[in-house]
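The numbers here are math on the coordinates, done by the rules we state, and not lab data. The model shown is predicted, which means the values in this text are computed figures rather than measured ones. Using ideal geometry, Cβ is built from the backbone for each residue, glycine included, and neighbour counts are taken over all protein chains shown.
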Amino acid sequence: MRIATIRRFSLGVYLAGALGVGANACAPTGKSSATTGGLLAGDAASRTYVPPGSYDEYYAFLSGGFSGQVTVYGLPSGRLFKQIPVFSQFPQTGYGYDEDSKSMLTTTFGQIPWDDSHHTEMSLTDGVPDGRWLFINGNNTPRIARIDLKRFETEEILQIPNAAGGHASPFATPDTKYVVSATRFSVPIPQNDVPITSYKQNFKGTISFVKADEPGKMDVAFQIMMPGYDYDLGHAGKGPSDGWFFFTTYNSEEANTKLEVNASQADKDYIAAINYKRAEECVAGGKGRKFGGSYVHNYVDPATRIARTETKTGVTMLYPADCDGLVYYLPTPKSPHGVDIDPTGEYIVAGGKLATVIPVHSYTKMVKAIANKQFEKTIDGIPVLKYDAVVAGEVKNPGLGPLHTEFDGKGNAYTSMFISSEVVKWKLGTWEVLDRIPVYYSVGHIMIPGGDGRKPWGKYLLALDKITKDRYLPTGPEGSRSAQLIDISGDKMKMLLDFPTMGEPHYAQAVPASLLQAGSVKFQKLAENKNPNVTASEAAGGITRTGKRIDIKMIAIRSHFAPDNLEGVELGDTVYFHVTNIEQDWNIAHGFAVFGANNSGVTLPPGETRTVRWVPQATGIYPFYCTDFCSALHQEMQGYVRVSAPALHVPLSANISKVAQTQSGRMPKEHGEK
Amino acid sequence: METQLGAGYLETASAPAPVVGGPAVGRDVSGVLMPGISRGLTAIASLLLVGLFLVPLWRVQLVAPQYPEGLGMRIGINYITGATPTDLRNINGLNHYVGMKHITPDAIPELRYMPWIVGGLILCGLTAAIVGRRKALTIWLGAFLLAGVAGLVDFWRWEYDYGHNIDFEHAIIKIPGMNYQPPLLGVKQLLNFTAVSWPDVGAWIALAAFGIGALALVIAIRTRVSSGSDASSR
């Protein structure tokens, strides 16, 4: 009886699906509403359901791609928690607009309010993500950012000199001593005005090793001058291969136009294996050359929380010909994209995006081939090893367009197939394909929490897709990208969840929530706020004039600003509002915006000070208000600035509101408050 | 109130001391010596009160929809603090909406007297243990009881004032007939906050000390000890 009912129901769903397809040719989702990858929808729901008020198992950090930012999601629910502004101005918080953070976006080209962020990489200890920092690269104007994972805020951005297209970045060594950046676009280095057709003579690539293990002190340790190929992705060795770094290259044809054809000619391109311990020896031995190149380093001053900028000049450049044993090329079929090292550190897996196999090199064989000098040829001082001497095996018929591989720590590898739009599970060592699951659509990176490290948490896999099409309700020509959560705990992969992403999620990192949850900062302690423009108490605000510059110091607390009536500003002045949220309470934020300001409003996290610059354009009365619904009387949280004609000689005045006065008389002094 | 009590008690407590020096024999209760166990228990009860200098007496917890983690107050013999370093500040910040006074520990005189009263109780209890007279213990227990009851009454009065003395001129939210007096013991709804008031470790220590003192007295009453045998037992 019961079975019959279910059958009838299933049949109904099937018919509805079929009718749906009939009525609308591009709606193949009808069938997937009943089942998802062999798993009953109800089961998948229970696997991803995080009840209201409960927490997710993992934090996931997704690259925002052309949004320039990072997004923080919970897994397995797929809930979006936060967008962390990194390379792009973010009017939601005022990042990159306010006087405190705008310097973070400084480069040698001036302030660049955007970048194309690509790969998230968590800091590592002993090859395992440790939850201290998240690094992400800017591809367009090569930069590497460090995000502090106690505050989930960008605290440092280093520009990479002598580079263009910082794509193979910011992958870390197992101890986070270095993060790297390699040029996706070769250019003349140093930059030079030459005919583009002189590519083969003049264009070069560089690989940069950036010192990364000290917050606020990121710097280029050394660079390696490489042949003018496109350096695509990289990963550090680990375990036995610790001390090596592997980068894929394509366009070894050195084409400068119509690369889609001209850079796809050769049967094999290369994986560059770099012995960075050897590089350290050569640098220490004085084999590096002093090389020019200006670059900017921006960091948040830990005391004032204001971004500082310093310009640096010159790097140490290593040439492979000067430092033997520094670089070897491993021939790898066809324009390889990803290069991923398995948890044991033995296998070097390449995603030859045009190849019909997944080639896997052996670290042991590579070392042996180097010892036996099994070289095919030498390019610019770089020996090319023989393919047969280094290859460990090939995964046959894996699918079409292999890009990236991650590992579950149980001897299995998972490779994304861009063209056949699937994730393929295969076995390390035997190279046999074990399972495959379709993803929606054209998957780029995939991510297993810790899946590029030494000890993966091999329970989930997240597929990060490039095309979404019909997966969600349509939203016009521009839709979101998507991610699918796949259960990899059993023999068969099971689709659990499908959710939209912000920008393009090139790569992601995820760690168990317990690694970050307890350390998350709840508010800035007011006593530790060393911003020079802090206003620590109700009565301490005011207005001052220095020539044509007006400084207004005020506090924000539920539900008023103090002072909230300001006069004496003259047309032609530049006004700086220094607003301090003196709340000392978790998640009690205020906001600040003034009518007619040509930049962004700001959010004011508890205990923090933000400075907004405003150049009034006309005389009159300008309201300002709290932009973040902070309390029952949020709508009352407002004030006025009067802008006068200079001839009127209106004296400077800043009131402290009646409420504020009353409260300042009644408020007990906090420890450390004057 | 406690000051008078404390001072009065101190005089009374010091009074029996000269009596000890004299030949204390006879039916005079003040002269009845306590057995060793009672004196030991009295000493333990007195010394337990040292704990009041270390742990809070009372706790008030405030929970609201927006404060699932709660805001807390800890009341000790010489301080009122938040459960976290910022709770008191936040309680004061919220109270301004309804026109309540800020809790300013410096302005609460009881917090200055209480350590002396507790200190006096400890010293006098120890004195009673050394002197060993039943009457001294009786007086000590009486004073202890009075101090405790007076303390609770005073705390209730302070809470009453705190909840009723509203600055209606500057209050933002005015609710006729509403007072914000937190409960002395138990649970009470104050607008969106559920206030829970409960003895903290210190109060339980004080109760235990009183119980031990009372036990000492009961044992002393049930045991007949002559001054001679007491001397020989030493």
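Under the rule of -39500 (n - 2.57) per DSSP H run of 4 or more residues, summed and divided by the residues of chain A, what mean residue ellipticity at 222 nm is obtained, to the nearest 500 deg cm²/dmol?
Calculated at 222 nm, the ellipticity per residue is -3000 deg cm²/dmol.
Give me the extension gain from A:E478 to A:K211: residue separation times 0.36 nm, minus the current Cα-Cα distance, reported in nm with one decimal. Write out the running numbers ahead of the final one.
On the way: separation 267, 0.36 × 267 = 96.12 nm, distance 3.91 nm.
Full extension from A:E478 to A:K211 adds 92.2 nm.
If we count other beta carbons within 10 Å of each Cβ, what is the order of A:H337, B:H102, fewest first? Spell out each step's value before the answer.
Details: A:H337 21, B:H102 18.
Ascending number of Cβ neighbours within 10 Å: B:H102, A:H337.
Amide H to amide H, which residues 5 or more places from A:I84 or on other chains are under 5 Å from it, using H placed in the peptide plane?
For A:I84, the qualifying residues are A:V70, A:T71, A:V72.
For B:L184, list long-range residues whose amide hydrogen, built 1.01 Å from N in the peptide plane, is under 5 Å from its own amide hydrogen.
Under 5 Å from the amide H of B:L184 lies no amide H from a residue far enough along the sequence or on another chain.
Cα to Cα, under 29 Å, and not fewer than 8 places away if on the same chain: which lysines meet these conditions relative to A:K492?
Excluding near neighbours in sequence, the set is A:K31, A:K238, A:K353, A:K396, A:K410, A:K425, A:K427, A:K455, A:K459, A:K466, A:K469.
With the alpha-carbon atoms as the only input, what is the per residue convex hull volume for segment B:53-173 in Å³?
Values: hull volume 13.6 nm³, N = 121.
Residue-normalised Cα hull volume stands at 113 Å³.
Say each of A:T574 and A:K368 gets a label point 7 Å from the Cα, pointing the same way as Cα to Cβ; how far apart are those two points in nm?
The modelled label-to-label distance comes out at 6.8 nm.
Please work out the FRET efficiency for the pair A:V521 and B:R222, using the Cβ-Cβ distance as r and a Förster radius of 56 Å; give the result to the nearest 0.05.
It comes out at approximately 0.35.
Given the peptides A:444-451, A:564-571, B:133-140, arrange them by the average over their residues of other C-beta atoms within 10 Å, most packed first.
Taking the mean over residues of other Cβ atoms within 10 Å, the ranking is A:444-451, B:133-140, A:564-571.
Positive end of the dipole of segment A:529-666, charges at C-beta (+1 Lys, Arg; -1 Asp, Glu), about the Cα centre: which of A:A556, A:F592, A:N655 has its Cα farthest in that direction?
Projecting each Cα onto the dipole axis, the largest value belongs to A:N655.
Would you kindly state how much longer the chain becomes between A:S653 and A:N587 on full extension, computed as 0.36 nm times their sequence separation minus their alpha carbon distance, in nm to one decimal?
Residue separation times 0.36 nm, minus the Cα-Cα distance, leaves 20.5 nm.
How well do other chains shield peptide B:92-105, expressed as the mean number of their Cβ atoms within 10 Å of each residue Cβ?
3
Straight-line reach from B:K101: which lysines fall under 17 Å, measuring Cα to Cα and dropping same-chain residues less than 8 apart?
A:K658, A:K669, B:K174
If I model a spin label as a point 7 Å beyond the Cα along the Cα-Cβ vector, how far apart are those points for A:D388 and B:F168 in nm?
Going by the 7 Å Cα→Cβ label model, 10.1 nm.
What ranking of A:D43, A:D56 emerges when the number of other C-beta atoms within 10 Å of each C-beta is taken as an exposure proxy, fewest first?
Neighbour counts put them in this order, fewest first: A:D43, A:D56.
Just going by the charge dipole of segment B:75-167, with Lys and Arg at +1 and Asp and Glu at -1 on Cβ, which of B:I130, B:W116, B:V98 is farthest out on the positive end?
Checking the options against the dipole of segment B:75-167, the answer is B:I130.
What list do you get for B:T223, A:T71, A:T332 if you sort them by fewest beta carbons within 10 Å?
Numbers: B:T223 15, A:T71 21, A:T332 27.
In increasing order of surrounding Cβ atoms, one gets B:T223, A:T71, A:T332.
Using a cut-off of 26 Å between alpha-carbon atoms, which lysines can reach A:K312, once sequence neighbours fewer than 8 places away in the same chain are excluded?
Filter leaves A:K102, A:K177, A:K204, A:K211, A:K217, A:K277, A:K287, A:K290.
Along the three principal axes, how long is chain A when you take its alpha carbons, biggest first, rounded to the nearest angstrom?
Each principal axis gives a Cα extent; for chain A these are 84, 84, 46 Å.
Along the charge dipole of the protein assembly as shown, which of B:P199, A:A540, B:I37 sits closest to the positive end, that is, farthest toward it, with unit charges on the beta carbon of Lys, Arg, Asp and Glu (+1, +1, -1, -1)?
So the residue furthest toward the plus end is B:I37.
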